[in-house]
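Q: My questions will all concern the structure given below.
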Amino acid sequence: MEPEQELVRRAAPFAIPAALLAFGVGWLAGGSDVAWSAFLGVAVVAANFAAHGLSMSWAGRISPTMLFAVGLGGYFIRLVVVLLIMVGLNTLDWFSPVAFLVAVVPTTVLLLGFEMKQLSGRMQADLWRFPGDGASSEAPRGATR
């Protein structure tokens, strides 16, 4: 499994509990409208992260240039999509943009911290494999065949 896909796989189990937590806090803070807005904020961050990981994984199979282009261009596109989602939801009477943003910002920060922790130390070296480096996904580095 490619490292970007592995990161998405490792983060995915936390999406539903985080969204439910945001829903609960939103309910306590302002009722059902705030709860659903916070829930959607966390869901958008999770979907954004999955789109990032899967698009980077796809681009990495094409070429380093494509990886760079998708990394930079995809970041901009995903930010615009999140903004458009918020603007679109803001047309609904029940939507709370404040609750949405209050959920999006800490969820994004926590997700970035999770990603940094996952990619720190030995895991990063274990995940990244390059053609011709003598390593394969079946055998750990340094293992002889």
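Q: I want to confirm something. Restricting to region 91-119 and keeping residues that are more than 17 Å from the chain's Cα centre (by Cα) and either assigned to a loop (DSSP other than H, G, I, E, B) or at pLDDT below 90 (or both), which single residue is surrounded by the fewest Cβ atoms within 10 Å (Cβ to Cβ)?
A: Asp93
Q: Collect the residues in region 22-40 that are out of contact with any Ser or Thr (no Cβ under 7 Å at 6 or more places or on another chain) and crowded, with 16+ Cβ neighbours inside 10 Å, keeping them in residue-number order.
A: Ala22, Phe23, Val25, Trp27, Ala35, Trp36, Ala38, Phe39, Leu40
Q: Test Val8 against the stated conditions and say whether it is surrounded by fewer than 19 Cβ atoms within 10 Å (Cβ to Cβ) and over 14 Å from Pro97 (Cα atoms).
A: No, not satisfied.
Q: Another question about this same structure. Of everything in region 51-80, what is within 18 Å of Arg10 (Cα to Cα), crowded, with 18+ Cβ neighbours inside 10 Å and of a type outside the set (S, T, N, Q)? Give them in sequence order.
A: His52, Gly53, Met56
The values are calculated or read from the model by the stated rules, or taken from the named source; none is laboratory data. As the structure is a computational prediction, the values presented were derived from the model and not from experiment. For neighbour counting, all protein chains shown are included, and Cβ atoms are generated from backbone atoms with ideal geometry for every residue, glycine included.
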